[in-house]
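In what follows, a structure is listed as structure tokens, so that the remarks can point back to it.
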Amino acid sequence: MAAIDPDFPMDRILESDHERSIKQAFRTALSQPTPEITDVTTIEFDDEMDLLDVERMALERFEDNSIHFGVVIPHPEDVALLTDEVECCPHEHRAMEGELSTLAELGDSYADLERDLIELTALMCDLPETPREMQKYVFDERLSFDNLYCIGGRLTFTFGVMVSSIVIQLYQDYEHEIGQRVGIPIDPSTDELVGSQ
């Protein structure tokens, strides 16, 4: 898990049911065969699983074994953000100069959520514990959820990481072991093996 600065007080935002859903989404995304096109695993949030103003989360896995972890929330009133792509949004956006806005800019609770989600991503993708080492595996060396899109008044904050092929293989082997335990025939048949040679 990513290291925490002991001088920076933080509150945990993710509850156990949130963590369970997110962990399962990672397992689902990483245990599948390498996608030829983008493969998306979505986590929907309803009234019974309230998490700030988060409407949904999505994990996108690409053929290069990168994962984009997206968080979608409504654009708060009177908040101007620096966004890469804006479409049909009635809210103000800052001029395009400087780095993209992050989830943490929406307030302390969102900063805590961002930190929770980065830690959970590090855990599920077996990334290094220290922020300096983890930066080697994230896009643009930024340990943040960056605001890439605002479409229809909905903000999408994204955190991108590269996942080792060894970690992917471990997830796929684990799924294989579970399948064997419950009697699901995962191994190819003799006909399939012979036909592939």
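Observations on the model:
- Among the protein heavy atoms of the stretch 21-139, carbon and sulfur supply 43% of the accessible surface, probe 1.4 Å, non-protein parts ignored.
- Across D11, D17, the residue with the most accessible area heads the list, and the full order at a 1.4 Å probe is D11, D17.
- Loop-located GluC sites (Glu not before Pro) in the stretch 93-152 (DSSP state other than H, G, I, E, B) with a sparse environment of at most 11 neighbouring Cβ atoms within 10 Å: E97, E99.
- The phi torsions of the stretch 69-74, fed into the Karplus equation with coefficients 6.51, -1.76 and 1.60 and a -60° offset, translate into couplings of 9, x, 10, 10, 9, x Hz, rounded to whole numbers, with Gly and Pro shown as x.
- Compared with the alpha-carbon gap, the fully stretched path from D108 to V167 is longer by 18.0 nm at 0.36 nm per residue.
- Accessible area per residue in Å² at 1.4 Å probe, computed on the stretch 16-178: 52
The values are calculated or read from the model by the stated rules, or taken from the named source; none is laboratory data. As the structure is a prediction and not an experimental result, all values here were calculated from the model. Quick reminder, even Gly has a Cβ in these numbers, built from the backbone with ideal geometry, and neighbours come from all protein chains shown. With ligands, DNA and RNA removed, areas are computed over all heavy atoms of the protein, side chains included. Shrake-Rupley method; radii C 1.70, N 1.55, O 1.52, S 1.80 Å.
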